[in-house]
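*Asks:* I have a structure here, written as structure tokens, and I will follow up with some questions on it.
The values are calculated or read from the model by the stated rules, or taken from the named source; none is laboratory data. Every value quoted in this text rests on a predicted model; they were computed, and no experiment measured them. Methodologically, a virtual Cβ is constructed for each residue, glycine included, from the backbone with ideal geometry; neighbour enumeration extends over all protein chains shown. To get the accessible areas, we keep the full protein, side chains included, count just its heavy atoms, and leave off ligands, DNA and RNA. Shrake-Rupley method; radii C 1.70, N 1.55, O 1.52, S 1.80 Å.
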Amino acid sequence: MSMLTPPGMGGKYRITGDVYPRMRRPHRRRRIVLASAAAVVLLGAAGWGTYQLVDVFSGGDDTRTTAAGKRADCKPAPAPTPAVALPKPGQVTVNVYNATPRSGLAKTTADELKKRGFAIGKVGNAPAAYDKKVTGAGLLLGAPAAAKGSFAVLGTQLAGTTTKVDTRTTADVDLIIGTAFKNLSPKATADAALAALNKPKPAPTRC
């Protein structure tokens, strides 16, 4: 009997040649791996679905943006207030001086400013230091305190003015009419500019 003959088979069955039967590993391990992977996928899907349901019924994250592009928890900012309390036109005394070769400008300008509510002080020709030396539409001249309010209020009445402070201690303001002056700004335009000074733009909405 050959050494390759399986035990108990006697000499009836012999294995000849140099090719031998190969034993294959069972498929059980592969099935276990595939089943484990499928279980992981199913558990992940179930967890995600549960999260979505909880998110829906709880109202979701309150910091998400809405369809309008704004954050859900945004609130209007408080109404802004002017940084400095501006005087009303009646609280501003204006001295009107003419620094141009044209006569009558100081009086007609002063009369119009009076109609618009301003208090009028002195009216006449400009001092020698400014006569025919103001090239713009006008120069506003006053004490340093005027730069914080009176200049802005009076400046709404005439576009293109410049400002300058001097050593006076009184609250009056000089309007020195320059050679580029034509007319005061239209009253509607001046009123709109004055209203804008007292109603600053609202601050951005805070979220």
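*Asks:* Output the number of the condition that Ala145 fails; it satisfies all remaining conditions of (1) within 25 Å of Thr189 (Cα to Cα); (2) of a type in the set (Gly, Ala, Ser); (3) not in a loop (DSSP other than H, G, I, E, B).
*Replies:* Answer for Ala145: the failing condition is (1).
*Asks:* Within the range 200-207, is even one residue modelled with pLDDT under 95 and among the hydroxyl-bearing types (Ser, Thr, Tyr)?
*Replies:* Within the range 200-207, the subset modelled with pLDDT under 95 is 200-207.
Among the residues that remain, those that are also among the hydroxyl-bearing types (Ser, Thr, Tyr) are: 205.
Checking the range 200-207: at least one residue is modelled with pLDDT under 95 and among the hydroxyl-bearing types (Ser, Thr, Tyr).
*Asks:* Another question, if that's okay. Do the conditions hold for Phe181, that is, is it touching a helix residue (DSSP H, G or I) at 6+ places or on another chain (Cβ under 8 Å) and either assigned to a helix (DSSP H, G or I) or surrounded by 13 or more Cβ atoms within 10 Å (Cβ to Cβ) (or both)? I'd like the intermediate steps shown before the answer.
*Replies:* Numbers: touching a helix residue (DSSP H, G or I) at 6+ places or on another chain (Cβ under 8 Å): yes; either assigned to a helix (DSSP H, G or I) or surrounded by 13 or more Cβ atoms within 10 Å (Cβ to Cβ) (or both): yes.
Answer is yes for this residue.
*Asks:* Quick one: which residue in Ala152, Ala196, Ala106, Ala188 is at pLDDT below 95 and not in a loop (DSSP other than H, G, I, E, B)? Write out each step before concluding.
*Replies:* Working: Ala152 fails: at pLDDT below 95; Ala106 fails: at pLDDT below 95; Ala188 fails: at pLDDT below 95.
Checking each option against the conditions leaves just Ala196.
*Asks:* Would you check if Lys114 is basic (Lys, Arg) and outside any strand (DSSP E or B)? Working first, answer last.
*Replies:* Values: basic (Lys, Arg): yes; outside any strand (DSSP E or B): yes.
Taking the combined requirement at face value, the residue satisfies it.
*Asks:* Can you tell me which of (1) touching a Leu at 6+ places or on another chain (Cβ under 6 Å); (2) closer than 17 Å to Thr179 by Cα is the one Thr156 doesn't meet?
*Replies:* So Thr156 meets the others, but not (2).
*Asks:* Continuing with this model, one more query. Is there any pair linking a residue in the range 123-139 that is free of Cβ contacts under 8 Å to residues at least 12 places away in the same chain and open to solvent by 20 Å² or more (accessible area, probe 1.4 Å) to one that is polar (S, T, N, Q) and assigned to a loop (DSSP other than H, G, I, E, B), with Cβ under 6 Å and at least six apart or on different chains, and which?
*Replies:* none
*Asks:* Let me ask something additional. Given the conditions (1) closer than 20 Å to Leu86 by Cα; (2) in a loop (DSSP other than H, G, I, E, B); (3) open to solvent by less than 50 Å² (accessible area, probe 1.4 Å), report the number of the one that Ala159 does not fulfil.
*Replies:* (3)
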